[in-house]
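Working notes, structure below.
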Amino acid sequence: MITSAIVPVAGHGTRLLPATKSQPKEMLPVARKPIVQYVIEELVANGIANILLVTGRNKTSIENHFDSDPYLIQTLNTANKQDLLKELEFEDLGAHLYYTRQSEQRGLGDAVLCGESYAGEQPFVVALGDSIIGLHAESRCVAGMMELFEARRASCVIAVEEVAPEQTRHYGIIEGVDGDATWCRVRNLVEKPEPAEAPSNLAIAGRYIFSPTIFDMIRDVAPDARGEIQLTDAIQRMCDEGRRVLAYKLPPGERRYDIGNFPSYFETFVEFALADPDYGPGLREAIRRMLENS
Ligand code: UTP
């Protein structure tokens with residue numbers, strides 16, 4: 001049974017500058033909550049009991065967010081704002097959080113390698129700290145991936161999402177064989193192919209399960225032109241060695257919300273805010289007015 005996850009949150013987030021100059025992109029809000037809170041809540045809801053966050057410089061606000069703050073609680077009590085205490089209930093996650101640091105941002109592969117001694121000999125989930133799966137993170141994707149990993153005795157399971165053909169140039173795309181409507185075997189991974197060269201329209205979607213063999217593969221990967229060790233290169237090595245690398249297709253109705261660039265961040269914010277039970281209807285009206293007047 002898989003009960004551990006690694007959540008890399010150490011990246012620079014340069015595509016979201018200046019918003020990310022002095023705060024982690026994983027702490028940017030989407031509607032009411034910071035992005036990383038959705039990620040952690042999704043993992044816990046899928047049965048993950050231990051989570052290692054790989055942080056870096058300027059990321060202490062992530063630790064502060066998940067730590068309880070007796071002073072804030074006291075302030076709310078004294079100010080007679082007890083109704084707001086429910087907004088802090090997420091601190092009682094029902095999972096253990098651990099932290100380690102990636103001292104230099106040497107790529108996602110390197111960030112995952114920081115979790116080697118934490119993972120030990122057990123398979124584990126990797127969830128990108130800047131990607132939410134499913135509206136309001138109500139997703140069973142990781143649970144489905146775990147079932148596939150165990151049932152097919154895989155070395156790696158990658159979540160994938162169908163994207164429009166003209167979008168392939170923004171994602172890692174898999175070349176899949178066999179399988180059925182819910183999964184397939186991965187033969188190759190291609191980074192950001194032009195639509196004409198893309199082997200499929202199935203894009204890697206920010207959730208992975210690995211056996212500990214991945215660490216040897218990462219160590220074998222040479223840094224790319226920007227000096228980064230790419231996780232996809234390590235997964236490609238697994239494919240080349242004939243290990244069982246499988247893709248799990250996101251179930252119908254579930255989407256990956258990538259927060260790493262402004263167009264996708266803006267869209268995600270609006271979609272989540274529109275779905276807010278209290279403020280969504282009013283926002284819908286306001287947007288309608290804005291569109292009519294524009
Ligand atoms: P990205 O690939 O979006 O990289 O990271 P980035 O550095 O954060 O962003 P840009 O390209 O400068 O805009 C995907 C996830 O992997 C983490 C990030 O924090 C993010 O959650 N990551 C990336 C690390 O933990 N370490 C790294 O060295 C790179």
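Residues that are more than 11 Å from the ligand (Cβ to nearest atom) and over 23 Å from LEU231 (Cα atoms) were ranked within segment 1-18; the one that is surrounded by the most Cβ atoms within 10 Å (Cβ to Cβ) is MET1.
Restricting attention to segment 89-112 and to residues that are assigned to a loop (DSSP other than H, G, I, E, B), in contact (Cβ under 8 Å) with a residue 24 or more places away in the chain and within 12 Å of the ligand (Cβ to nearest atom), the residue that is farthest from ILE218 (Cα to Cα) turns out to be SER103.
Okay, residues lined up against (1) more than 16 Å from the ligand (Cβ to nearest atom); (2) more than 12 Å from LEU135 (Cβ to Cβ); (3) not acidic (Asp, Glu):
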| residue | (1), (2), (3) |
| --- | --- |
| ASN261 | no, yes, yes |
| PHE266 | no, yes, yes |
| ASP276 | yes, no, no |
| ARG284 | yes, yes, yes |
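Cβ-Cβ contacts under 6 Å between residues 6 or more apart (or on different chains), taken from a first residue in segment 16-30 that is in contact (Cβ under 8 Å) with a residue 60 or more places away in the chain to a second residue that is in a loop (DSSP other than H, G, I, E, B) and among the β-branched types (Val, Ile, Thr), are listed as GLU26/VAL9. For segment 147-163, the set of residues classified as among the hydrophobic types (A, V, I, L, M, F, W, C) and surrounded by fewer than 22 Cβ atoms within 10 Å (Cβ to Cβ) consists of LEU148, ALA151, VAL163, listed by residue number.
The set of residues in segment 19-43 that are among the hydroxyl-bearing types (Ser, Thr, Tyr) and within 11 Å of the ligand (Cβ to nearest atom) contains only THR20.
Can you find a residue that is over 29 Å from SER103 (Cβ atoms), part of a strand (DSSP E or B) and of a type outside the set (Gly, Ala, Ser) anywhere in segment 232-247? Looking through segment 232-247, at least one residue is over 29 Å from SER103 (Cβ atoms), part of a strand (DSSP E or B) and of a type outside the set (Gly, Ala, Ser). Restricted to segment 248-294, and to residues there that are part of a strand (DSSP E or B) and not aromatic (Phe, Trp, Tyr), the residue that is modelled with the lowest pLDDT is ASP258. In segment 44-85, what residues are at pLDDT 95 or above, more than 16 Å from the ligand (Cβ to nearest atom) and either in contact with a Leu (Cβ under 9 Å, 6 or more places away or on another chain) or of a type in the set (Ser, Thr, Tyr) (or both)? Passing the criteria: VAL44, ASN50.
Exactly one residue out of GLY280, GLY227, GLY242 is without any contact (Cβ under 8 Å) to a residue 12 or more places away in the chain, within 25 Å of LEU189 (Cα to Cα) and out of contact with any strand residue (DSSP E or B) (no Cβ under 9 Å at 6 or more places or on another chain), and it is GLY242. The number of residues in segment 32-78 being out of contact with any helix residue (DSSP H, G or I) (no Cβ under 9 Å at 6 or more places or on another chain) and assigned to a helix (DSSP H, G or I) comes to 9.
The values are calculated or read from the model by the stated rules, or taken from the named source; none is laboratory data. These numbers come from a predicted model, not from an experiment. With ideal geometry, Cβ positions are generated from the backbone for all residues, glycine too; neighbour counts draw on all protein chains shown.
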